[in-house]
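One structure is given below, encoded as structure tokens.
The values are calculated or read from the model by the stated rules, or taken from the named source; none is laboratory data. Here the structure is a predicted model, which means the values were calculated and not measured. So basically every Cβ, Gly included, is an ideal-geometry build from the backbone, and we count neighbours across all protein chains shown.
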Amino acid sequence: MNMLDDEDDQSFHATRDGYSHLSDVEWDAVERMGSTMGIHAVSVMLEALNRDAQHATIAKFIQNELDAEREKVALLHQQGSQQAELLREQGAQQFELLRQQQAAAGGSMHSRRPETLKIDISKYRGVEEDSLLRWFVDLDDAIRARRIDDGDMQVAFAQSNLAGRAKTWALGLKLHDPYAFG
């Protein structure tokens, strides 16, 4: 049953068959218009307009819906960017606080850390020339040489060695789901 099939309204019964010139997409939009503007308003519009005007009105309604959704996406993107910046600032503050605490506590006790070997690896850009398998082998070697045992630190190190569309993909995934990599 369509939204415009209103048995209480005897003056108008819009059915899909009565408007066969409308595409399925347009008819879906007509049903959404009915839930937004009211069934009676849509029925009056369909009766009053010729076919070309119906197509134009429905197209404008669909365009308005798309514009509204684009605005929502833009707002969500802006909010995500603001949240990412806030998280970066908080991380920097926490790092600085931890560094200060370690400096204050570390003045009296110096424990010798085992030296680590720093191996540089090339950034993975996600282009065809890059070998993902080779990058993973290099990454694994660098993680072992640097003695990075914590899983979160391994992920952070791997992400720091991404570039281009690979980095864009990873950041987008992390913004969508902060726990995607851990």
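List of remarks:
- Residue match in region 119-126 (condition: within 24 Å of GLN78 (Cβ to Cβ) and either without any contact (Cβ under 8 Å) to a residue 12 or more places away in the chain or within 22 Å of the chain's Cα centre (by Cα) (or both)): no
- Within region 26-36, considering residues that are under 13 Å from GLU65 (Cα atoms) and among the hydrophobic types (A, V, I, L, M, F, W, C), the one nearest to the chain's Cα centre (by Cα): ALA29
- Region 79-103, residues that are farther than 21 Å from ASP152 by Cα, surrounded by 10 or more Cβ atoms within 10 Å (Cβ to Cβ) and either hydrophobic (A, V, I, L, M, F, W, C) or under 27 Å from the mean Cα position of the chain (by Cα) (or both): GLN79, GLY80, SER81, GLN82
- Residue count for region 173-182, restricted to those that are within 16 Å of GLY80 (Cα to Cα) and surrounded by 13 or more Cβ atoms within 10 Å (Cβ to Cβ): 2.
- Summed over region 42-63, residues that are of a type in the set (Lys, Arg) and free of Cβ contacts under 8 Å to residues at least 12 places away in the same chain total 1.
- Long-range neighbours under 9 Å by Cβ, at least six apart or interchain, first residue closer than 18 Å to ASP138 by Cα within region 158-182, second assigned to a helix (DSSP H, G or I) and of a type in the set (Lys, Arg): GLN159/LYS167; GLN159/LYS174
- Helices (runs of 4 or more DSSP H) wholly inside region 1-108 containing at least 2 residues that are in contact with a Cys (Cβ under 6 Å, 6 or more places away or on another chain), at pLDDT 90 or above and more than 30 Å from LYS174 (Cβ to Cβ): none
- Residue match in region 127-136 (condition: among the charged types (D, E, K, R), on the phi < 0 side of the Ramachandran plot and surrounded by 12 or more Cβ atoms within 10 Å (Cβ to Cβ)): yes
- Any hit, region 93-113, residues being of a type in the set (S, T, N, Q), within 30 Å of HIS77 (Cα to Cα) and either touching a residue at least 24 places away in the same chain (Cβ under 8 Å) or in contact with a Phe, Trp or Tyr (Cβ under 6 Å, 6 or more places away or on another chain) (or both): no
- Residue check for ASP52: over 17 Å from THR15 (Cα atoms) and either of a type in the set (Asp, Glu) or buried (at least 17 other Cβ atoms within 10 Å of the Cβ) (or both): yes
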